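**Q** Dumping the structure here so I can ask a few things about it.
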Amino acid sequence: MVQQGPPPPGSGRLPASGRPPRGWSDGDYADDDEDYPQWAVPGAGPGVADHRQHDRRRLRGRYARPPGHADGAEPAGPPGRRGRDGRGRKAAARARRARRATYIWGGAFVAVLLIVAGVGYVYFHQPSPPPVADSLVTTFQPGEFRTVPNACSAVTAATLDQYLPGKRRTVAPKSLYGGAQSLCNWLVDAKPRYRVLQVTVRAYPPSGLASGNGSASFAAKDAYQHASQLKAHPLKASRQPKATMSQVPGLGNSAFAALQVPSARGLATNLLTVVVRERNALITVVSQGPAQHRGGYAAVSPLRLRGAAVAAARDILAQMH
């Protein structure tokens, strides 16, 4: 017959379920402690809980904080996850650097395109440069005048008798330019006639201050334009009225006539000026007479004065060729 009672001493095992069998209690085996060896401590055997605690210690040791880790910082995750996170951050940084480089190079490319477009626009749309003048001329050119004829002898007696009849007085002012200039004045002052005729002839030399290439002809052109402006817009210091301007065709290369009517002490005077340019020479003829009858002097018409000036200029031109 099988003996009933507690399991054999030293078995120390529970059923597979981990729970004691029904009807079993610690009191039934109070004496089992006597069966353990002397070095054994009750309850100190490696149970399931002890294995789990051992595993937890091992994991804590594996994931221990690295040296220098700040207190309060979260511990590092498992090695696999930490590696994946590190690689992800590096990839994100590389992507950001790549995008930044793309923006920088793209902006630089756009800037270069704008600069090239601006330079191209300026180059292709800039106004054509003015034609470069010939090299500066410092000598007289063929056909230009170095000297001029004597004004007093160049105006013919026929011209003087026609426009200044009677006893004439002749005055030849001294030239300031030697043979390049000649001056002569004629005066008739015998009631009822009062007439004045003044002739100036000057040949201009080449000049670096002249327009164009600085030739003598360009210098004469500049003087001609200046004379015209002074008649159309006299200086205030001259106290001369603005002139009535007109062209004189068929006289030299170009010619104009200017009529002014200044007044002094109640007496008005017709002042007719003719300026002629022939190559590099200028001929200036001034013809004047009373504008009204007064003091025993008869008036002279502007048309008559113009005729005298043009006739004298033609006489000078005839002596120059």
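**Q** Which one is nearest to the chain's Cα centre (by Cα) among residues in segment 133-145 that are aliphatic (A, V, I, L, M) and open to solvent by 40 Å² or more (accessible area, probe 1.4 Å)?
**A** The qualifying residue nearest to the chain's Cα centre (by Cα) is ALA133.
**Q** For residues in segment 211-239 being modelled with pLDDT of 95 or more and basic (Lys, Arg), which is least open to solvent (accessible area, probe 1.4 Å)?
**A** So the residue we want is LYS231.
**Q** OK, next. Here are THR170, THR200: which of them is more than 57 Å from the chain's Cα centre (by Cα) and either on the phi < 0 side of the Ramachandran plot or in a loop (DSSP other than H, G, I, E, B) (or both)?
**A** Going through THR170, THR200 in turn, just one is more than 57 Å from the chain's Cα centre (by Cα) and either on the phi < 0 side of the Ramachandran plot or in a loop (DSSP other than H, G, I, E, B) (or both): THR170.
**Q** Using beta carbons and a limit of 8 Å, which pairs, at least six apart or on different chains, have the first residue in segment 237-249 and assigned to a strand (DSSP E or B) and the second one charged (D, E, K, R)?
**A** Taking only residues 6 or more apart or on different chains, the pairs are MET245/LYS231.
**Q** Kindly indicate the residue of segment 146-167 that is open to solvent by less than 80 Å² (accessible area, probe 1.4 Å) and in a loop (DSSP other than H, G, I, E, B) and also nearest to ARG304 (Cα to Cα) among those meeting that condition.
**A** Checked segment 146-167; the qualifying residue nearest to ARG304 (Cα to Cα) is LEU164.
**Q** Do we find that LEU305 is within 21 Å of SER153 (Cα to Cα), in a loop (DSSP other than H, G, I, E, B) and more than 46 Å from the chain's Cα centre (by Cα) in this structure?
**A** Here the answer is no, as LEU305 does not meet what is asked.
**Q** If I ask for residues that are part of a strand (DSSP E or B), of a type in the set (S, T, N, Q) and either surrounded by fewer than 21 Cβ atoms within 10 Å (Cβ to Cβ) or at positive phi (or both), which ones from segment 250-283 would you list?
**A** If the condition is that a residue be part of a strand (DSSP E or B), of a type in the set (S, T, N, Q) and either surrounded by fewer than 21 Cβ atoms within 10 Å (Cβ to Cβ) or at positive phi (or both), then SER254, GLN260, SER263, THR269 are the ones that fit.
**Q** Follow-up question, since we're still on this one. Can you name the residue in segment 284-302 that is modelled with pLDDT under 95 and in a strand (DSSP E or B) and, of all such residues, is nearest to ARG195 (Cα to Cα)?
**A** This residue is TYR297.
The values are calculated or read from the model by the stated rules, or taken from the named source; none is laboratory data. Every value quoted in this text rests on a predicted model; they were computed, and no experiment measured them. When we count neighbours, we look across all protein chains shown, and the Cβ atoms used for this are built from the backbone with ideal geometry, even at glycine. Ligands, DNA and RNA are stripped out before the accessible areas are found, and what is left, the full protein with its side chains, is counted by its heavy atoms. Shrake-Rupley method; radii C 1.70, N 1.55, O 1.52, S 1.80 Å.
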